[in-house]
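Asks: Attaching a single structure in structure tokens format; questions to follow.
The values are calculated or read from the model by the stated rules, or taken from the named source; none is laboratory data. The structure displayed is predicted, hence computed values, not measured ones. Cβ coordinates were reconstructed from backbone atoms using ideal geometry, including for glycine residues, and neighbour counts include every protein chain displayed.
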């Protein structure tokens, strides 16, 4: 991979900007596996709170359980809250009550911010993780960081605390292989009618069909451009009921984007040009 691409993924967005915490991030472990575990131990997933505690306990210990993670939209916001909850900051095996309540996108942003502060190329990726649950496939965010010695991107899941929470316990969360599914692949398969278990992707979502892959595709596209959009953002032309109004030209445009994203490094310049010039892709809508 050329230097231009590596340098690009050392840059930060306003989501991954370390701000006043840059020196602190640099002081955190340089062993990436240990760093991954440390980042994991600063958070508890929103659904794990729900499954672990009674309503009374949630009300007492997690005041902002229902909406806090939407307020912690940046690495600096999350880190500030980590210190507000416990002035000792980042440490291992923290009590759940002392952890921030966030989901995978947020932890991916925090991990990426720390890696970038250390000068390591890193990017967030949006896709799907069949290894978490047995009866359905959940949308999920991971990280890819550039391993200079091995000359490859390593996929790492910085959100899953332990394999007792996963359906497939053979997945190496520190170096994920083909277990993670990228939306570009899924979109193109769905367009050919090659996904036989589509209902597994739709459980517990508001999506009705292959629009779920289009939504994830554009989140992943923006993440590849160092803009880690919140979950509910999407280009206006595919947003909500607009997806049902797509023209053949719209489908061709999404197909072309997906094909480029199958090899994002090889097609980096083309993807960046699309991101900078395609108004249809860049005009966003959200419930906010």
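Asks: Tell me, yes or no, whether segment 246-268 has at least one residue that is more than 17 Å from residue 124 (Cα to Cα), in contact (Cβ under 8 Å) with a residue 24 or more places away in the chain and touching a strand residue (DSSP E or B) at 6+ places or on another chain (Cβ under 8 Å).
Replies: no
Asks: All but one of (1) in a helix (DSSP H, G or I); (2) touching a residue at least 40 places away in the same chain (Cβ under 8 Å) hold for residue 273; which doesn't?
Replies: Residue 273 satisfies all of (1) in a helix (DSSP H, G or I); (2) touching a residue at least 40 places away in the same chain (Cβ under 8 Å) except (2).
Asks: Here's another thing I want to ask about it. Give the residue that is surrounded by the fewest Cβ atoms within 10 Å (Cβ to Cβ), with candidates limited to residues of segment 187-200 that are touching a residue at least 24 places away in the same chain (Cβ under 8 Å) and closer than 20 Å to residue 262 by Cα.
Replies: So, considering only residues that are touching a residue at least 24 places away in the same chain (Cβ under 8 Å) and closer than 20 Å to residue 262 by Cα, the one surrounded by the fewest Cβ atoms within 10 Å (Cβ to Cβ) is 191.
Asks: Which numbered condition trips up residue 251, out of (1) more than 22 Å from the chain's Cα centre (by Cα); (2) buried (at least 18 other Cβ atoms within 10 Å of the Cβ)?
Replies: (2)
Asks: Here is a follow-up. Residue 189 passes all but one of (1) closer than 29 Å to residue 288 by Cβ; (2) out of contact with any strand residue (DSSP E or B) (no Cβ under 7 Å at 6 or more places or on another chain); (3) part of a helix (DSSP H, G or I); which number fails?
Replies: With (1) closer than 29 Å to residue 288 by Cβ; (2) out of contact with any strand residue (DSSP E or B) (no Cβ under 7 Å at 6 or more places or on another chain); (3) part of a helix (DSSP H, G or I) applied to residue 189, the lone miss is (1).
Asks: Go over the candidates 109, 154, 100, 142 one by one and state the one that is assigned by TED's automatic domain parsing to the domain that holds residue 48, farther than 13 Å from residue 35 by Cα and at pLDDT 95 or above. Show your work before the answer.
Replies: Working: 154 fails: assigned by TED's automatic domain parsing to the domain that holds residue 48; 100 fails: at pLDDT 95 or above; 142 fails: assigned by TED's automatic domain parsing to the domain that holds residue 48.
Answer to the check: 109.
Asks: If we only count helices (runs of 4 or more DSSP H) wholly inside segment 23-99, which ones have 2 or more residues that are more than 19 Å from residue 158 (Cα to Cα)? Walk me through it before giving the result.
Replies: On the way: elements: 32-40, 46-52, 55-61, 68-71, 75-85.
Result: 46-52, 55-61, 68-71, 75-85.
Asks: In segment 133-175, which residues are in contact with a helix residue (DSSP H, G or I) (Cβ under 7 Å, 6 or more places away or on another chain), over 20 Å from residue 205 (Cβ atoms) and in contact (Cβ under 8 Å) with a residue 40 or more places away in the chain? Working first, answer last.
Replies: Start the filter on segment 133-175 by keeping residues that are in contact with a helix residue (DSSP H, G or I) (Cβ under 7 Å, 6 or more places away or on another chain), which leaves 136-137, 139-143, 145-146, 156, 158-159, 161, 169, 174.
Then drop every residue that is not over 20 Å from residue 205 (Cβ atoms), which leaves 143, 145-146, 156, 158, 161, 169, 174.
Result: 145, 146, 156, 158, 161, 174.
Asks: Hey, can you tell me all the residues within segment 29-52 that are surrounded by fewer than 17 Cβ atoms within 10 Å (Cβ to Cβ) and closer than 21 Å to residue 149 by Cα?
Replies: 29, 30, 31, 33, 34
Asks: So which of 81, 87 ends up being more than 12 Å from the chain's Cα centre (by Cα), surrounded by fewer than 23 Cβ atoms within 10 Å (Cβ to Cβ) and closer than 21 Å to residue 228 by Cβ?
Replies: Working: 87 fails: closer than 21 Å to residue 228 by Cβ.
Residue meeting the stated conditions: 81.
Asks: Separate question: With respect to residue 250, determine if the residue is farther than 26 Å from residue 12 by Cα and modelled with pLDDT of 95 or more. Give the derivation first.
Replies: Numbers: farther than 26 Å from residue 12 by Cα: yes; modelled with pLDDT of 95 or more: yes.
Judged against the criteria, residue 250 is a match.
Asks: As an exercise: evaluate residue 130 against (1) surrounded by 15 or more Cβ atoms within 10 Å (Cβ to Cβ); (2) at pLDDT 95 or above; (3) over 21 Å from residue 76 (Cα atoms) and give the number of the one condition it does not meet.
Replies: (2)
Asks: So how many residues does segment 100-138 have that are more than 28 Å from residue 262 (Cβ to Cβ), in contact with a strand residue (DSSP E or B) (Cβ under 9 Å, 6 or more places away or on another chain) and outside any helix (DSSP H, G or I)?
Replies: Final tally of qualifying residues: 3.
Asks: Continuing with the same structure: Determine whether residue 97 is without any contact (Cβ under 8 Å) to a residue 12 or more places away in the chain and farther than 25 Å from residue 198 by Cα.
Replies: Details: without any contact (Cβ under 8 Å) to a residue 12 or more places away in the chain: no; farther than 25 Å from residue 198 by Cα: yes.
So residue 97 fails the test.
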